[in-house]
Amino acid sequence: MDKWIGVIALIIVSVIGLLRVIRKVKAQSEYRNFAINYLNNFREFSSGLMNESFDAEKYQWLKLNSSKMQIMMGSYGVATYKPPGANFMYNNYQVIVNGITEIKDMYVRMVDGFGLSLEKKMLRESIGMIDDILLTYIGYLENNSEELTKELKNPFVWFREGVRFIVTFPIYLMHWSGLIRYNTYSSISNNIFVKFISFIVGIIAFISSIVTIVTGYTAFTEIIHNFIDGK
């Protein structure tokens, strides 16, 4: 019976890790579907602008969902940006949140200027920038989805994710209780130091489980006690 303790521990940690990977795959699929939907709506809206037609309903949908899209994209949605025709630049420019409003304002200026070619060119450049950034992000999601699909078939990844969950669980509890924000929780969880600790704990846990399976739990604890006592 002692030898089964190591097996059970390995299985529990691996199942926890597998559930985390499945959750990531599901979330990734939801992100991808939303991003593609956002891109399609943006293209329909911007195509109308270039033909001097403003779809107020489409604009409202894009604006209402711009914050969600911006947060999802993270660093992919932030850039150093020089507005078309301007002699200044914005650092950490939130492309989606600000860009949707900007192309609407450009369209208004273009209409007021009787469709001048310069205004139309500036509008086209801004539309192209947002389109490119959305495409880049969708490409990242698709590549990441392929990697996650591979991880679903890798038991070592299950174990790694299970160990990482156990190590970061106290941090998760702090986020769940409202003591820290999600961004702080995510930043700490993905910190290189935390990942290193997870790696060390994972190695120790894996070796301990194997030794327990081979020698039995009682014999293993005796080995540990003898090691601590210097025998």
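Values quoted throughout were computed directly from the atomic coordinates according to the rules given, and no laboratory measurement underlies them. Keep in mind it's a predicted model, so treat the numbers as computed, not measured. Don't worry about glycine lacking a Cβ; one is built from the backbone with ideal geometry, like all the others, and counts go over all protein chains shown.
Once every Cα of segment 1-159 carries one equal point scatterer and solvent is ignored, give the base-10 log of I(q)/I(0) from the Debye formula at q = 0.10, 0.12, 0.13, 0.19 Å⁻¹, two decimals.
Log10 I(q)/I(0), no solvent term: -0.49, -0.62, -0.69, -1.13.
I need Tyr137, Tyr172 ordered by Cβ neighbour count within 10 Å, fewest first. Provide the component values of the computation, followed by the final result.
Details: Tyr137 23, Tyr172 14.
With the fewest neighbours first, Tyr137, Tyr172 line up as Tyr172, Tyr137.
For segment 13-46 and segment 50-91, compute the distance between their C-alpha centroids and round to whole Å.
With segment 13-46 and segment 50-91 each reduced to a Cα centre, they are spaced 21 Å.
Please identify the trypsin sites (Lys or Arg not before Pro) of segment 87-168 that satisfy two criteria: DSSP loop assignment and at most 12 other Cβ atoms within 10 Å. Which are they? Please list the in-between numbers first.
Values: sites: Lys104, Arg109, Lys120, Lys121, Arg124, Lys150, Lys153, Arg160, Arg164; in loops: Lys153.
When the trypsin sites (Lys or Arg not before Pro) of segment 87-168 are filtered for loop state and at most 12 Cβ neighbours within 10 Å, Lys153 remain.
Filter the chymotrypsin sites (Phe, Trp or Tyr not before Pro) in segment 35-108 down to the DSSP loop ones having no more than 12 other Cβ atoms within 10 Å, then list what survives.
Values: sites: Tyr38, Phe42, Phe45, Phe54, Tyr59, Trp61, Tyr76, Tyr81, Phe88, Tyr90, Tyr93, Tyr107; in loops: Phe54, Phe88.
Answer in residue order: Phe88.
Reachable lysines from Lys82, Cα under 30 Å, same-chain residues fewer than 8 places away excluded?
Answer for Lys82, where 30 Å is the Cα cut-off: Lys58, Lys63, Lys68, Lys104, Lys120, Lys121, listed by chain and number.
Run the paramagnetic zone check for Phe54: 7 angstrom along Cα to Cβ, then residues of segment 96-112 with backbone nitrogen under 15 Å.
Residues 100-112 fall inside that zone.
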